[in-house]
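Below you'll find the structure, written out as structure tokens, and then a few comments.
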Amino acid sequence: MKKLVLIALALITLQATSQERKDRQKMDKKERAERISQYTPEEIAEIQTKQMTLQLDLSEAQQKQIMAINVENAKSRKAIMEKRQKALENKEKKELTKEEKLKMKNDMLDRQIAMKKQMKDILNKEQYEKWEAMAKEKMEKGRHQKKKMMQKK
């Protein structure tokens, strides 16, 4: 009888811990979205441009060109995020369809290709190579984080 009580207690504890972890992950996503939405696209672009200036040693002319690109990209991302939030609020179903996922992925890849072309035109060879390495590192970090989150589920 004692064994059954201990097993039941262990199962209840395990279930509560699992549920708490899922709730925490949802809150992390919401908090991150709220933090990002507090900044204007111009503020986000300014921070990104300054970071790139430090990392790539950009000239004044390059800074102005990259600032324009970053503002455009930040506005685009913010619009996409707001559209996605409204869609989630209006839908009962929270999951995207296969077609929606495909369209989003294609749009993202098109934006990346355009960004790469613009950066190639603005940066010199050394800067461009360093920028590509930074982008690759950032993507790998994102993949690692995503993999980590999937394992937690």
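The values are calculated or read from the model by the stated rules, or taken from the named source; none is laboratory data. Predicted model, so just to flag it, every value in this text is computed and none were measured. Note: ideal-geometry Cβ built from the backbone for every residue, glycine included; neighbour counts use all protein chains shown.
Determine, yes or no, whether Lys78 is surrounded by 14 or more Cβ atoms within 10 Å (Cβ to Cβ), at pLDDT below 90, among the charged types (D, E, K, R) and under 18 Å from the mean Cα position of the chain (by Cα).
Against the criterion (surrounded by 14 or more Cβ atoms within 10 Å (Cβ to Cβ), at pLDDT below 90, among the charged types (D, E, K, R) and under 18 Å from the mean Cα position of the chain (by Cα)), Lys78 qualifies.
Say whether the condition of being surrounded by 11 or more Cβ atoms within 10 Å (Cβ to Cβ) and at pLDDT below 90 is met by at least one residue in the stretch 142-150.
Looking through the stretch 142-150, at least one residue is surrounded by 11 or more Cβ atoms within 10 Å (Cβ to Cβ) and at pLDDT below 90.
Pairs, please: C-beta under 9 Å, at least 6 apart or cross-chain, first residue under 20 Å from Leu58 (Cα atoms) and modelled with pLDDT of 90 or more and in the stretch 106-121, second in a helix (DSSP H, G or I) and of a type in the set (S, T, N, Q)?
Met115/Asn73; Gln118/Gln65; Met119/Gln127; Asp121/Gln65
Given the conditions (1) closer than 28 Å to Ser59 by Cα; (2) surrounded by fewer than 11 Cβ atoms within 10 Å (Cβ to Cβ), and given that Thr97 satisfies all but one, which numbered condition is not satisfied?
So the condition that Thr97 fails would be (1).
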